[in-house]
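Down below is the structure, laid out as structure tokens.
The values are calculated or read from the model by the stated rules, or taken from the named source; none is laboratory data. Being a predicted model, the structure only gives us computed values, none of them experimental. To get the accessible areas, we keep the full protein, side chains included, count just its heavy atoms, and leave off ligands, DNA and RNA. Shrake-Rupley method; radii C 1.70, N 1.55, O 1.52, S 1.80 Å.
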Amino acid sequence: MRGDKKGLPSRSGLPACLAAGAAIAAAVCALNVSRDYGWIRSVCDGLFVASVMLLGAGGIRAVGNRGAFDVAGYGLRTVLELVLPLLRRTDKGHSGETGEHSAEDIHQYRARREAQRRSPAGLLLAGGVYFILSLAALVVYEVF
């Protein structure tokens, strides 16, 4: 189908993930340069830390997309709804001050979460790019 993009991995988050990785790498690099590690070693460390963080976040998102955290999320949501009644969901959204509420069961929760899931492709691709760059920086550091 034309409008159905659910089957294809979305790469729209790739530029944002690359920018986040660049910010992480720059921060780590700046911290290491001030410790007198040397410029190329600092770049290698920064790229590696960025790759590990992006790959880790992508892995967690991929596991979460399979429903691994749904039961814990449903339990936490139920407890929060008991403590804070304004968070209760209805068919029309949040109950707010109207006082009407219908309990969302686990099946409705999983269906709602399934519609909200995002692809981990951007995080994993950006993490892979930074990992390859860190390996190249390591080779440069070891050779020169």
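The table below lists the values:
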{"quantity": "Accessible area (Å², 1.4 Å probe, nearest 10) - R88", "calculated": "70 Å²"}
{"quantity": "Mean separation of Cα contacts under 8 Å, 6 or more apart, over the residue count of segment 23-93: relative contact order %", "calculated": "23 percent"}
{"quantity": "Vicinal HN-Hα couplings computed from phi for segment 26-36 (Karplus, 6.51 cos²θ - 1.76 cosθ + 1.60; Hz; Gly/Pro x)", "calculated": "5, 5, 5, 4, 5, 5, 6, 5, 5, 8, 6"}
{"quantity": "Segment 63-71 - phi-based ³J(HN,Hα) in whole Hz, Karplus 6.51/-1.76/1.60, Gly and Pro as x", "calculated": "5, x, 5, 7, x, 5, 9, 5, 5"}
